[in-house]
Amino acid sequence: MKNTTSSLETQLSAWCAETFAVCFPDADLAAIPLAVIPSKNEQFGDCQCEAAMKLAKELKTNPRAVAQKFIESAVLPDFVEKIEIAGPGFINIWLKTTALAGQLEAMQADKKLGLPNLGNSRTVIIDYSSPNVAKPMHIGHIRSTVIGNALDRLYRALGYNVIADNHLGDWGTQFGLIILGYREFADQDALKTAPVEELERIYVKSYNLSKEDETWRDRAKAELVKLQKGDTENLALWKSFIELTLSEFNRIYKRLDVSFDLYRGESFYNDQLAGTVDLLKAKGLASESDGALVCDLEADGLNVAIVRKSDGGYNYTSTDIATVVSRTEEFHPAEIIYVTDERQQLHFKQFFHICKKIGVPTKLTHVWFGLMRLPEATFSTREGNVIKLEALLNEAEARALEVVKASSPNMDDAKQKEIARAVGIGAIKYTDLSQNPQSLVTFTWEKALAMDGNSAPYLQYAYARIASVRDKYAAQFPGINPDEFPIILTEEQERRLALKLIRFPAAVETAAKLHRPSVMADYLFDLSQAYSSFYQNVPFLKADEGPRESRIRLCALTATILKKGLALLGIETPERI
Ligand code: ARG
């Protein structure tokens, strides 16, 4: 794509920064946000720059005077219509309508729709889903899977080399209990039909026994020691537990269209734990306390982190530190992103801090989310299991089938089912993705499947409707290629739509940078609303040749962006609903 389209807003931001630097050569601009943002209200232009207010505070002067100085010395770029000062010192900017149209044409001609190559092949590791073997997969894991996968797609689209790593909880003291329990009371039939539930049952029963019965505890411990020493029989059992668990999870991943580049569970780093802990000791970061080895992070407000338990065993923290060290050496990632529920915040803060102290150069980010309340009850660790997750997906598809039957009663059954799958799964995913992940969310079917709100079915339906307009056009005007006509923006609804369309790359970038798929969801909802007001108010097929073709091009670009945007959230867009 030509440089003129490296988004008008990106160019404007660069221009604002330059102009401020020229006007205020002595000011420290580093801390001032110089970028332009979309205006909240169109009477304040297409974009705004708020830097004058921030800079005035810095210079202890009047913000309007700062804005005035900016305006007086500004040489407008050729794509800017005018700039004005408003209120306390906002700089409001209007873009030339022809420039907007030009950018739309360039976007349409670009396979990447104007997405910048931010990553430039730099590596980002995204550690997500990461359920525990033989422990319940709970709603937290499905949220981690859906949010992590959206981040994975967003980063890939921006040119990053993403490594999606499923860091399974496949090692730890629970395996002594499970092996013993398995030998004593496994139900082989149940292991075939519902393996994860059965492993869970074995674990819970064995765990409870170990609380009451010292001999049981000792026997479990002995099994664990055997496993850790590499006893073939115990190792084989352990491997079979992982395989059983993974085969169940893979069913869910398949339904969610999620795949991983690596499945490196905790066990992968086993050999590196002792060395990692030695390193902490050598750096003077860890010391003995009541037989355990701990990193005292009190001074940094992060409590104390145990890195080796008093029984000599390593734990979640030491494993995560070893994992970072190993990933950094092997892949040199620019960033490692972890997606888990909110309850792990302290753990991540602690080991990020320790990594920094041992000199790990990698940017580490914890993306956390709150729990979601489901219709009957909150899916908590104790209640949730694979069956329940699958039941949730089944119910979503069944309910979506009702929606599809209502909107396309004459479609054949198989097709209806196939669409209902895309709509049902899309609804579940979108509910997770469209919320601010850090707020507590109550899930309702009405909201998830609403045809008229901020929901997946609404956006999928909008896409299908737009696709049908293109088809109608093609049937009515065969042989005309709308792309041979220029895009012209005459009506105000067209211009508003154009402004939304050109913001697609910025929306993807912001969603990735803030690690918030909800930014993308909000953008798509906004876009579909702008389209809808355009479609309702501007004549399409009845317009004259020229405007008609231009409108079809706007319609096509909207469809392409909705499809691409939903795909970045892992949501399918059937051509009909
Ligand atoms: N297995 C953990 C759990 O289920 C999540 C692991 C997240 N990743 C990590 N590197 N700690 O809670």
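The values are calculated or read from the model by the stated rules, or taken from the named source; none is laboratory data. What you are looking at is a predicted structure, and each value in this text was computed from that prediction instead of being measured. Neighbour counts are summed over all protein chains in view; Cβ atoms, including those assigned to glycine, are modelled from backbone coordinates with ideal geometry.
Identify all residues within region 545-564 that are farther than 16 Å from residue 465 by Cβ and either among the aliphatic types (A, V, I, L, M) or assigned to a helix (DSSP H, G or I) (or both); write none if there are none. Walk me through it before giving the result.
First, the residues of region 545-564 that are farther than 16 Å from residue 465 by Cβ: 545-550, 553, 564.
Passing the criteria: 547, 548, 549, 550, 553, 564.
Can you report the number of residues in region 145-187 which are at pLDDT 95 or above and surrounded by fewer than 18 Cβ atoms within 10 Å (Cβ to Cβ)?
8
Can you go through 333, 361 and tell me which one is part of a loop (DSSP other than H, G, I, E, B) and within 15 Å of the ligand (Cβ to nearest atom)? So that I can check it myself, show each step before the final result.
Working: 361 fails: within 15 Å of the ligand (Cβ to nearest atom).
The match here is 333.
Among the residues of region 346-358, write down those that are within 25 Å of residue 146 (Cβ to Cβ) and either assigned to a strand (DSSP E or B) or within 12 Å of the ligand (Cβ to nearest atom) (or both). Give the derivation first.
First pass over region 346-358, keeping only residues within 25 Å of residue 146 (Cβ to Cβ): 346-349, 351-352.
Answer for region 346-358, where residues must be within 25 Å of residue 146 (Cβ to Cβ) and either assigned to a strand (DSSP E or B) or within 12 Å of the ligand (Cβ to nearest atom) (or both): 347, 348, 351, 352.
Can you name the residue in region 241-253 that is of a type outside the set (A, V, I, L, M, F, W, C) and under 19 Å from residue 139 (Cβ atoms) and is also surrounded by the most Cβ atoms within 10 Å (Cβ to Cβ) among such residues? Steps first, answer last, please.
As a first pass, look at region 241-253 and keep what is of a type outside the set (A, V, I, L, M, F, W, C): 243, 245, 247-248, 250-251, 253.
The next check asks that each one be under 19 Å from residue 139 (Cβ atoms); those that pass are 245, 248, 250-251, 253.
Numbers: 245: 24, 248: 22, 250: 14, 251: 14, 253: 17.
Only one residue tops the list, namely 245.
Looking at region 118-135, which of the residues that are near the ligand (Cβ under 10 Å from one of its atoms) and either in a helix (DSSP H, G or I) or not β-branched (Val, Ile, Thr) (or both) is farthest from the chain's Cα centre (by Cα)?
135
Give, as residue ranges, the strands (runs of 3 or more DSSP E) completely inside region 271-328 that count at least 1 residues that are under 34 Å from the mean Cα position of the chain (by Cα) and at pLDDT 95 or above.
Counting at least 1 such residues, we get 292-296, 304-308.
Among the residues of region 136-145, is there at least one that is in contact with a Gly (Cβ under 6 Å, 6 or more places away or on another chain), among the aliphatic types (A, V, I, L, M), within 14 Å of the ligand (Cβ to nearest atom) and not in a loop (DSSP other than H, G, I, E, B)?
First pass over region 136-145, keeping only residues in contact with a Gly (Cβ under 6 Å, 6 or more places away or on another chain): 136, 138-139.
Still in the list and also among the aliphatic types (A, V, I, L, M): 139.
Still in the running and within 14 Å of the ligand (Cβ to nearest atom): 139.
With the extra rule that they be not in a loop (DSSP other than H, G, I, E, B), the set shrinks to 139.
Yes, some residue in region 136-145 is in contact with a Gly (Cβ under 6 Å, 6 or more places away or on another chain), among the aliphatic types (A, V, I, L, M), within 14 Å of the ligand (Cβ to nearest atom) and not in a loop (DSSP other than H, G, I, E, B).
How do the pairs read when you match residues in region 335-350 that are touching a residue at least 60 places away in the same chain (Cβ under 8 Å) and among the aliphatic types (A, V, I, L, M) with residues anywhere that are in a helix (DSSP H, G or I) and within 8 Å of the ligand (Cβ to nearest atom), using Cβ under 6 Å and keeping only pairs 6 or more apart or on different chains?
Cβ pairs passing all conditions: 339/144.
May I ask you to verify whether residue 136 is more than 29 Å from residue 244 (Cβ to Cβ), at pLDDT below 95 and not polar (S, T, N, Q)?
Numbers: more than 29 Å from residue 244 (Cβ to Cβ): no; at pLDDT below 95: yes; not polar (S, T, N, Q): yes.
Spelling it out, it is not the case that residue 136 is more than 29 Å from residue 244 (Cβ to Cβ), at pLDDT below 95 and not polar (S, T, N, Q).
Restricting to region 106-121, name every residue that is touching a residue at least 12 places away in the same chain (Cβ under 8 Å) and surrounded by fewer than 16 Cβ atoms within 10 Å (Cβ to Cβ). Let's see the steps before the verdict.
To start, the set of residues in region 106-121 that are touching a residue at least 12 places away in the same chain (Cβ under 8 Å) comprises 106-110, 112-121.
Those that are touching a residue at least 12 places away in the same chain (Cβ under 8 Å) and surrounded by fewer than 16 Cβ atoms within 10 Å (Cβ to Cβ): 109, 110, 112, 117, 120, 121.
Checking the conditions here, which among 395, 383, 390 is modelled with pLDDT under 95 and part of a loop (DSSP other than H, G, I, E, B)? Let's see the steps before the verdict.
Details: 395 fails: part of a loop (DSSP other than H, G, I, E, B); 390 fails: part of a loop (DSSP other than H, G, I, E, B).
One residue alone meets the criteria, 383.
Can you pull out every residue in region 163-203 that is among the aliphatic types (A, V, I, L, M) and within 16 Å of the ligand (Cβ to nearest atom)? I'd like the intermediate steps shown before the answer.
Of region 163-203, the ones among the aliphatic types (A, V, I, L, M) are 163-164, 168, 177-180, 186, 190-191, 194, 196, 199, 202.
Of everything in region 163-203, those that are among the aliphatic types (A, V, I, L, M) and within 16 Å of the ligand (Cβ to nearest atom) turn out to be 163, 164, 168, 178, 196, 199.
Suppose we filter region 306-316 for residues that are surrounded by fewer than 24 Cβ atoms within 10 Å (Cβ to Cβ) and either within 13 Å of residue 358 (Cβ to Cβ) or away from the ligand (no atom under 14 Å from the Cβ) (or both); how many remain?
Restricting attention to region 306-316, the residues satisfying the condition of being surrounded by fewer than 24 Cβ atoms within 10 Å (Cβ to Cβ) are 306, 308-313, 315-316.
Then keep just the ones that are either within 13 Å of residue 358 (Cβ to Cβ) or away from the ligand (no atom under 14 Å from the Cβ) (or both); that gives 306, 308-313.
Final tally of qualifying residues: 7.
Checking the condition of a type in the set (Lys, Arg) and within 20 Å of the chain's Cα centre (by Cα), which residue from 143, 217, 183 passes?
Working: 217 fails: within 20 Å of the chain's Cα centre (by Cα); 183 fails: within 20 Å of the chain's Cα centre (by Cα).
Unique residue meeting the criteria: 143.
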